[in-house]
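For reference, the structure is listed below as structure tokens.
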């Protein structure tokens, strides 16, 4: 496996996940995913490297023509002095190509979709990235169907293991 990363198939992904939104795929139909850079302060980066971030309620929204990550919680880094700290719930600017940004904004305005943060990770070069998902909300019956299918696949695998 020279030259490729294990598992994901994404270029540059090393698997160093700092925060993950596990409920996003349960609550939303993810139509498409995008990788975006994020502007962070030094203490935010150090806190994320410790794996202390939370993006369970984070989403991206437009402010003055740019995309911002809203509601992501990155706790303060205790080793830094009090005057160097950041606000844990501040809005953080996302870095995308203009075409990607325009496409995401158009989808949210026209089609009633939302942009959900799926995970924050560090790529092979050590740069913090955010995986965004262009999502449509699921209804309760869709969630039940997803759970039923997942349980059936698990039972199916258990039966095949027992036979084989």
**Report entry** For the chain: Kirkwood Rh in Å [reciprocal of mean 1/r, alpha carbons]
**Finding:** 17.7
Query raised in the report: Rg(Cα) of the range 14-74 divided by 2.2 N^0.38 Å?
Result: 1.20
Query raised in the report: Sorting 108, 33 on the 10 Å Cβ count, fewest up front, what's the list?
Result: 33, 108
Report summary line: Expected max-MSF residue from 98, 46, 153 in the GNM of the chain (alpha carbon, under 10 Å) is 153
Requested in this report: Once you've got the GNM for the chain with C-alpha springs shorter than 10 Å, pick whichever of 96, 67, 104 has the biggest mean-square fluctuation.
Outcome: 96
Report summary line: Rounded to 0.05, the calculated FRET efficiency for the beta carbons of residue 31 and residue 161 at R₀ = 41 Å is 0.75
Report summary line: Contour minus Cα-Cα span, residue 63 to residue 111, at 0.36 nm per residue, comes to 15.4 nm
Query - the range 66-113 - convex hull of the alpha-carbon atoms, volume per residue in Å³ - result: 87
**Report entry** Acute angle (nearest 10 degrees) that the helix 140-163 long axis makes with the longest principal axis of the chain, alpha-carbon atoms
**Finding:** 60
Query raised in the report: What is the fewest-to-most order of 95, 40 by other Cβ atoms lying within 10 Å of their Cβ?
Result: 95, 40
Requested in this report: On a C-alpha basis, how far is the centre of the range 107-164 from the centre of the range 36-71 in Å? Whole number, if you could?
Outcome: 20
Report task. Could you please rank 114, 140, placing first whichever residue has the fewest other Cβ atoms within 10 Å of its Cβ? Result -> 140, 114
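Every read-out reported here was derived from the displayed coordinates using simple, explicitly stated rules and does not represent laboratory data. All figures in this text were calculated on a predicted structure; none of them were measured in a lab. Counting neighbours? That spans all protein chains shown, and the Cβs are built from the backbone with ideal geometry, glycine included.
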